[in-house]
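Beneath this line is the structure, given in structure tokens, with notes to follow.
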Amino acid sequence: MQLLGIGSRIKHQEYGNGVITNVTSKHYWVTFIENGLETIDLDTDFEVIEAIDDEVDTISFSEVEQSLISILQKWSDASSISPIADKWKGGKLILSPKNSNLADKEIPIDTFFHKIVMVRDRIRVMEQKVNASKNLADQEKIDLQQYITRIYGSLTTFNVLFKNQSDNFIGDKK
């Protein structure tokens, strides 16, 4: 099977004439004149109108991007994407002091939420580093893990902000 390069023109039985705009390890991304962008398997039956024989890297940008995201989530302290619950979007957190002579402090709730997510992500990284440490004895790892679990438990109040329950803080399940 000849692998066609980007820019190759084809005629597909169902979609009509099109141009290959991307190639992955499994698919051609083809922009068809009458049907827009479609992905078709590399072994799909179609007529080649004009073949471009450029060397093709069959790993797409999106595949590289997904791999990089996965690596960063596993090994860095970069924040993960956790959406805020819709009811809080654009809201504000108001801190009112007991002393009425002092001004309230207003914080955009999106900013506050971002800080909570950063705390959660950094605790997760710390947890991973504790578990992967070769310098800590097993009992020390267990002790530190219990502290981390208690920290998560102290933060469960903020679970109301998360759109997805899978992003919530989970403490000790006793």
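The values are calculated or read from the model by the stated rules, or taken from the named source; none is laboratory data. For clarity, every value in this text was computed on a predicted model and none was experimentally measured. Methodologically, a virtual Cβ is constructed for each residue, glycine included, from the backbone with ideal geometry; neighbour enumeration extends over all protein chains shown.
Tell me which residues, restricted to the range 22-42, are farther than 15 Å from Leu3 by Cβ, part of a strand (DSSP E or B) and in contact (Cβ under 8 Å) with a residue 12 or more places away in the chain.
In the first step, residues of the range 22-42 are kept if they are farther than 15 Å from Leu3 by Cβ; the result is 31-39.
This time we only want the ones that are part of a strand (DSSP E or B), so: 31-32, 36-39.
Across the range 22-42, the qualifying residues are Thr31, Phe32, Leu37, Glu38, Thr39.
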Checklist entry - Under the condition of being modelled with pLDDT of 85 or more and within 9 Å of Tyr15 (Cβ to Cβ), which residue from the range 34-46 is surrounded by the most Cβ atoms within 10 Å (Cβ to Cβ)? => result Ile40
Item to check | Exclusive hit being of a type in the set (A, V, I, L, M, F, W, C), assigned to a helix (DSSP H, G or I) and touching a residue at least 40 places away in the same chain (Cβ under 8 Å), set Val125, Val130 | outcome: Val125
Checklist outcome for this item: If you go through Thr157, Thr149, the only one that is hydroxyl-bearing (Ser, Thr, Tyr) and over 22 Å from Ile109 (Cβ atoms) is Thr149
Next on the checklist: Name the residue that is farthest from the chain's Cα centre (by Cα), counting only residues in the range 129-142 that are loosely packed, with under 13 Cβ neighbours inside 10 Å and of a type outside the set (A, V, I, L, M).
Outcome noted: Gln139
Next on the checklist: Regarding the range 160-168, can at least one residue be identified that is assigned by TED's automatic domain parsing to the domain that holds Lys87, assigned to a helix (DSSP H, G or I), over 29 Å from Trp88 (Cβ atoms) and touching a residue at least 12 places away in the same chain (Cβ under 8 Å)?
Outcome noted: no
Item to check | Hits in the range 87-117 - residues which are in contact with a Ser or Thr (Cβ under 6 Å, 6 or more places away or on another chain) and among the polar types (S, T, N, Q) | outcome: none
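Yes/no per residue for (1) touching a helix residue (DSSP H, G or I) at 6+ places or on another chain (Cβ under 9 Å); (2) among the basic types (Lys, Arg); (3) outside the structural domain of Ser82 (by TED's automatic domain parsing):
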{"residue": "Met118", "(1), (2), (3)": "no, no, no"}
{"residue": "Arg122", "(1), (2), (3)": "no, yes, no"}
{"residue": "Gln128", "(1), (2), (3)": "yes, no, no"}
{"residue": "Glu140", "(1), (2), (3)": "yes, no, no"}
{"residue": "Ile148", "(1), (2), (3)": "yes, no, no"}
{"residue": "Tyr152", "(1), (2), (3)": "yes, no, no"}
{"residue": "Thr157", "(1), (2), (3)": "no, no, no"}
